[in-house]
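The values are calculated or read from the model by the stated rules, or taken from the named source; none is laboratory data. These figures come from a predicted structure and were not determined experimentally. Cβ: placed from backbone, ideal geometry, glycine included. Neighbour counts: every protein chain shown. Please note that ligands, DNA and RNA were not included when accessible areas were found on the heavy atoms of the full protein model with its side chains. Shrake-Rupley method; radii C 1.70, N 1.55, O 1.52, S 1.80 Å.
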Amino acid sequence: MTAPTANWSYPTAVKFGPGRIRELADHCKAVGMKKPLLVTDKALAALPITAQALDILDAAGLGRAVFSEVDPNPNEMNMEAGLKVYRAGGHDGVVCFGGGSALDLGKMVALMVDQKVSVWELEDIGDWWTRANPATIAPIIAVPTTAGTGSEVGRAGVLTNSATHKKKIIFHPKLLPAVTICDPELTVGMPKFITAGTGMDALAHCLEAYSSPFYHPMSQGIALEGMRLVFENLPKVYANPTDLEARAHMMSAAAMGAVAFQKGLGAIHSLSHPVGAVYGTHHGTTNAVVMPMVLDFNRHAIDGRIEQAAAYLGIKGGFDGFRAQVMDLRSELSIPENLTAMGVEASRLDELTEMALEDPSCGGNPVEMTRDNTRALYQACM
Ligand SMILES: [Fe+2]
């Protein structure tokens, strides 16, 4: 089988398949952009795939403006710098091009072009999003170059507050990209540790959505099949980066994870966000590090459900078999064994615990997170 090609309209217009990046300018024009700003990160800005995307825009008369001052865990200063470039250039839309950081920061720029409220007032709490003026939000086209974040099909972005080091989820329905181009060829050149970390982020999204206690059978089904795609294809793309069919399946799994986590995330993300914010660690890799310990933490609440998943996935041994599969995948991908190996200091666990308890992902964890059990969970991850 070769890599699949398809057009989906769920949850937005998704143009899926190898080579679909060539349609970028057409989709920009279709949503009314005449002068888009392509937002990417520093590392990607220097790569041929970015030059190719800019060439495609340029050839269609849309210019080749790019903003790439985007840090790995982007903050409001990156956003302000992007807004400056956007306004000075008279742009009329954002092409978010890259991994989670670039996609999320691009979304923040589109959101904040002309708002009366600060970005922190649009955190994903209750109906805070209604504080934004929707009319001034710029159109967004998303082009993921990794397979993990799923931000390309999501209505939120993560922004780190540079003063408090806290990661905040900023939400608005209009942050759902108008068009998403999922071209697996763009993911072929990822460094190996990014392939591993982003792929494990997709698995974490599916696993946490699947485990969350809320009623959402649609997400439940999507999360389960997403896990299957990761278990089957992440080892393949890690071993053979040019396996385009497996790359395509990983790209699907990433989108599925983000669609599924409408049902909720959990302790993997609430533990990982503070570590990323304080130490600048890779988000997906950090998720992979804490995943087995979070499974143990939740075991009594999810035992039966994980057993069902294991049966579907063809994993023998129920919960224990599933956990063993996660451990095998981690070692196959050279994921660090614990948080200590990532540089996390025992002396900061109290502080990290407080931050984890404030993280909105806590709400979707199947076991209630308290100060004591969360501190103990961090300790187990060391
Ligand atoms: Fe994530």
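Counting only protein heavy atoms and using a 1.4 Å probe, what share of the accessible area of the chain belongs to carbon plus sulfur, as a whole percent?
Working: 8040 of 14670 Å².
Carbon with sulfur: 55 percent of the solvent-accessible area.
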Within straight cross-link reach of Lys316, meaning Cα distance under 23 Å, which lysines are found once same-chain residues fewer than 8 apart are removed?
Lys236
The number of Lys pairs in segment 13-187 whose alpha carbons lie under 20 Å apart, excluding pairs fewer than 8 residues apart on one chain, is 22
Roughly how many Å² is the accessible area per residue of segment 192-381, as a whole number, for a 1.4 Å probe?
37 Å²
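What is the diffusion coefficient of segment 192-381 in µm²/s, taking the Kirkwood radius over Cα pairs and the Stokes-Einstein relation at 20 °C with a viscosity of 1.002 mPa s?
Numbers: Rh = 16.3 Å.
It comes out at roughly 132 µm²/s.
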Here, chymotrypsin sites (Phe, Trp or Tyr not before Pro) of segment 141-244 satisfying both criteria (DSSP loop; at most 11 other Cβ within 10 Å) are Tyr215
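Leu329: net charge of surrounding residues, Cβ under 14 Å, Lys/Arg +1, Asp/Glu -1, itself excluded? All intermediate terms of the calculation are to be shown ahead of the outcome.
On the way: positive: Arg228, Lys236, Arg323, Arg330; negative: Asp201, Glu232, Asp328, Glu332, Glu337.
Local net charge: -1.
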Pairing the Cα long axis of helix 244-260 with the longest principal axis of the chain, what angle in degrees results, from 0 to 90 and rounded to the nearest 10?
80 degrees
With only alpha-carbon pairs counted, each pair once and no self-pairs, how large is the Kirkwood hydrodynamic radius of segment 36-169 in angstroms?
14.8 Å
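Which shape class, rounded, prolate or oblate, goes with segment 56-117 when its Cα gyration tensor gives a ≥ b ≥ c as root eigenvalues, a/c under 1.5 marks rounded, and past that a/b bigger than b/c marks prolate? Display every interim value, and only then the final one.
Working: a/c = 2.06, a/b = 1.29, b/c = 1.59.
Taking the square roots of the gyration eigenvalues as a ≥ b ≥ c, segment 56-117 is oblate.
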Given the candidates Cys182, Val326, Ala30, the one whose Cα lies deepest towards the positive end of the charge dipole of the chain, counting +1 at each Lys or Arg C-beta and -1 at each Asp or Glu C-beta, is Ala30
For the chain, the longest principal axis of the Cα atoms and the Cα long axis of helix 283-313 enclose an angle in degrees, to the nearest 10, of 60 degrees
Debye equation applied to the C-alpha atoms of the chain, log10 I(q)/I(0) at 0.07, 0.12 Å⁻¹
-0.28, -0.86
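Suppose only helical runs count, i.e. DSSP H with n ≥ 4. What mean residue ellipticity at 222 nm does that imply for the chain under -39500 (n - 2.57) per run, divided by all residues and rounded to the nearest 500 deg cm²/dmol? Don't jump to the answer; show the numbers that get you there.
Values: 13 runs with 187 residues, N = 382.
After summing the helix terms and dividing by the residues of the chain, the value is -16000 deg cm²/dmol.
With a sphere of radius 14 Å drawn around the Cβ of Arg299, what net charge do the other residues whose Cβ falls strictly inside it have (Lys, Arg +1; Asp, Glu -1)? Please list the in-between numbers first.
Numbers: positive: Arg305, Arg323; negative: Asp296, Asp303, Glu307, Asp320.
Surrounding charge for Arg299 is -2.
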Sparse-neighbourhood loop sites, GluC sites (Glu not before Pro) in segment 117-194 - DSSP loop, at most 16 other Cβ within 10 angstrom
none
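Before anything else, pin down the relative contact order of segment 88-172: Cα pairs under 8 Å, at least 6 apart, normalised by residue count, whole percent.
On the way: 140 pairs, mean separation 31.1, N = 85.
Taking the mean separation of contacting Cα pairs over the length of segment 88-172, I get 37 percent.
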Compute the FRET efficiency between Asp320 and Ala380 as 1/(1 + (r/R0)^6), taking r as their Cβ-Cβ distance and R0 = 22 Å, and round to the nearest 0.05.
0.80
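Where does each of 265-277, 12-24, 334-346 land if you order them by average Cβ count within 10 Å, highest first?
Details: 265-277: 27.6, 12-24: 19.1, 334-346: 15.7.
Most protected by this proxy first, the peptides run 265-277, 12-24, 334-346.
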Considering only Gly304, Gly150, Gly106, give the residue with the highest GNM mean-square fluctuation for the chain, with springs between Cα atoms whenever their separation is below 10 Å.
Gly304
